[in-house]
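Just below is one structure, and these are the notes that go with it.
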Amino acid sequence: MSGHYVARRFATAAFTIVLIVLINFVLFRAMPGSPERVLARNPNVTPELLAQTRARWGFDKPLFPDQFVRYVAATAQLDLGYTFRGRPVADVLAQRIWPTVLLFGLGEAIAIVVGLALGAYSGWRRGGPIDLVGNGVSLLLYSTPYFLLGMALLLIFATGLGWFPTFGMSTTGATFANPVDWLIDVLRHLALPLTTVSLGLIGQYAIVMRSSIIETLSEDYITTARAMGLRDGRVLRRHALPNAMLPTVTLVAINLGYVVAGAITVEVVFNWPGLGTLTVDALASRDYGVLQGVFLLLSVAVVLANLAADLVYGLFDPRVRA
Amino acid sequence: MSASVTTPDAFGDVPARRRLASSGDLFRRLLRRPDGLIGVVILVTFGLLAVGPDLLVGPLQTAVTAVGPRLSPPSAAFPLGTDELGRSLVNLTAHATRISMVIGLLATAITVGIGALLGIVSGYVGGRTDAAIMRVADFFLVIPTFVLAIILTSIIRDLAGSGAREVFGIRFGLIAIVVVIGITSWSSTARIIRSQTLSLKERAFVDRARAVGAGNLHIMRRHILPNVINLIVANAVLVFAGAVLTETTLSFVGLGDPFQPSWGQLLDASREVGAPSLGAWWYFVPPGLCIVVVVFAFTLVGGALDDLLNPKRRQRR
């Protein structure tokens, strides 16, 4: 992996983040009436606070460069403004991020392992029973909005069978004798949303991995490996899988931005107290400060994940030079 | 497409003869595949339902015209049960089909329009224009466009108001969704069309057109566009699936219009009354199934078209 490649990846990521900050500035400051729109709707804003905020954001100064410079400087210091209730947006985000990381991180991990395994096997045994069933189910899962899957699971396993609680992250008002009981309670609440996120993602990953494996299997080096008399399992593990994995890594990373939408809605279905429910609540009350913060946070996270994927790709694929 | 053959234009007939595959031929080959046939049949069915829900189930029921009991399970009088206002789910789902399909269609038109235009220009012009357009395309490909779409939709509504104005029979608040889907999802179309344009512009017929004095605009419009039109159609089918999903999701987080319910809006309403926790499956299963079936059908057709148009993959099957 050449230094040039690394530098370019970093430059692209930096460019994207700059664009995101610019979009946030344009949408929330430069649009006609934006600052007033954000502030005037808030019943908790006193005239003093209004004046104070105006002075701090420099609304009396021209948009560019004064307001823009201030905005960028504030964002760089993680000063993302205030919510309707007057709390700093950054604090609220910091509080809500962990449930999302837990739900979404675990879901991604499960989906990557299961989805890639299913896809690889389907592609390897193309036309076999696992492939036909797996591919059909993957396509169906891919066509199902996450929240719909969540509502179905909620109906069957929580309302119908009563195996799992219907909402939240832990039982409200309950006190636990020891941490293990508390953990079990959280896990019971986590089960259904986690299943939803994983199932939703497995379909996508299996489809991508399957076509990648099929593509790889038609390469000359696979024919060569077979001609050398290598056993099937060895051809798959040593020759086909490593090469088929590479494009999948990039696709998984690129899909992250798309997948965020699903995560938001799953949280809403199960009332999971993460960034998704925060977004939808903020949307209902048009709390633009929060929406802006969520957009910034999620975008930067996705950009960094993509950067990491690109670097991993460069590390493993010797063909990547420029 | 026959227009280019009949026009007296000196270059008009060149792309017609050089066209890589005719659209009629493509459609016939699509129908010969099981996945293509099943997909097309499903889509035609939903298309017909979307054209005339009034003829089949009467006008959209409102809180005033609702006659049924509240949130009652399926019965002889209400085959799919009723919602919390006593409206028939048959009526609601049929009308939601129209709203969802029209929004999907409009959003697809905008998405594919922007994508094809930028893709052709990017690929044909090349250089800095190309680099700039592709940078922006990559940006939209990577960032969580859904969150951006949420913000854009509510800002557009704040600025323009969501009054009772209608475009194509769709209320303005929903048109905002259409525009936002178009703005945020054109990049994959642009990438696909660009790479096809890159290879097309090296062909002899483009050189020939240029040699006899055709301008860049003329070449893009009369020589490149006709040759990527099949690719655009195939991509549009997949874009439609995505547009339906995005509209559904936007409606589900509260950006739908209760006066013009789409499938997503029905799902949001059912969640708000707590249908899954109340065991009221009939409220969200009909619109939910419609979404899954329609998106599935579009994915089947899109995948089949992709196979037919991609010679590399066709060989390997």
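For segment A:135-173, the set of residues classified as part of a helix (DSSP H, G or I) and away from every other protein chain (no Cβ under 14 Å) is empty.
Taken together, A:Leu307, A:Leu251, A:Leu291 contain a single residue that is more than 7 Å from chain B (Cβ to nearest Cβ) and farther than 19 Å from A:Ser198 by Cα, which is A:Leu307. Contact map, segment B:285-300: first residue more than 8 Å from chain A (Cβ to nearest Cβ), second residue among the hydroxyl-bearing types (Ser, Thr, Tyr) and in a helix (DSSP H, G or I), Cβ cut-off under 6 Å, separation 6 or more or different chains; pairs are B:Pro286/B:Thr93; B:Pro287/B:Thr93. Taking the criterion of being more than 9 Å from chain A (Cβ to nearest Cβ) and either among the small types (Gly, Ala, Ser) or in contact with a Lys or Arg (Cβ under 7 Å, 6 or more places away or on another chain) (or both), the residues of segment B:243-254 that qualify are B:Ala243, B:Ser251. The residue of segment B:136-158 that is surrounded by the fewest Cβ atoms within 10 Å (Cβ to Cβ), among those that are more than 7 Å from chain A (Cβ to nearest Cβ) and more than 19 Å from A:Gly262 (Cα to Cα), is B:Val136. On the given criteria, is A:Phe176 assigned to a loop (DSSP other than H, G, I, E, B) and farther than 28 Å from B:Ala275 by Cα? Yes, satisfied.
Scanning segment B:252-274 for residues that are within 19 Å of A:Asn271 (Cβ to Cβ), touching a helix residue (DSSP H, G or I) at 6+ places or on another chain (Cβ under 8 Å) and without any contact (Cβ under 8 Å) to a residue 40 or more places away in the chain returns B:Phe252, B:Gly254, B:Leu267, B:Asp268, B:Arg271.
Of all residues in segment A:266-281, those satisfying the criterion of being buried (at least 24 other Cβ atoms within 10 Å of the Cβ) and over 17 Å from A:Leu190 (Cβ atoms) are A:Leu278, A:Thr279. Residues in segment A:215-258 that are over 27 Å from B:Phe139 (Cα atoms) and aromatic (Phe, Trp, Tyr): A:Tyr221 alone. The set of residues in segment A:30-49 that are modelled with pLDDT under 70 and part of a helix (DSSP H, G or I) comprises A:Ala30, A:Ser34, A:Pro35, A:Glu36, A:Arg37, A:Val38, A:Leu39, A:Ala40.
Could you list, in sequence order, the residues of segment B:159-179 that are in contact with a strand residue (DSSP E or B) (Cβ under 8 Å, 6 or more places away or on another chain) and away from chain A (no Cβ under 13 Å)? Walk me through it before giving the result.
At the first step, the residues of segment B:159-179 found to be in contact with a strand residue (DSSP E or B) (Cβ under 8 Å, 6 or more places away or on another chain) are B:162, B:164-165, B:172, B:175, B:178.
Residues satisfying the conditions are B:Ala164, B:Arg165, B:Phe172, B:Ile175, B:Val178.
Working only within segment A:274-322, note down all residues that are under 30 Å from A:Pro247 (Cα atoms), not hydrophobic (A, V, I, L, M, F, W, C) and not in a helix (DSSP H, G or I). Of everything in segment A:274-322, those that are under 30 Å from A:Pro247 (Cα atoms), not hydrophobic (A, V, I, L, M, F, W, C) and not in a helix (DSSP H, G or I) turn out to be A:Asp317, A:Pro318, A:Arg319, A:Arg321.
For segment B:110-127, residues that are over 13 Å from B:Ile183 (Cβ atoms), among the hydrophobic types (A, V, I, L, M, F, W, C) and surrounded by fewer than 20 Cβ atoms within 10 Å (Cβ to Cβ) total 2.
The values are calculated or read from the model by the stated rules, or taken from the named source; none is laboratory data. Worth saying up front: this structure is predicted, and the values here are computed from it rather than measured. When we count neighbours, we look across all protein chains shown, and the Cβ atoms used for this are built from the backbone with ideal geometry, even at glycine.
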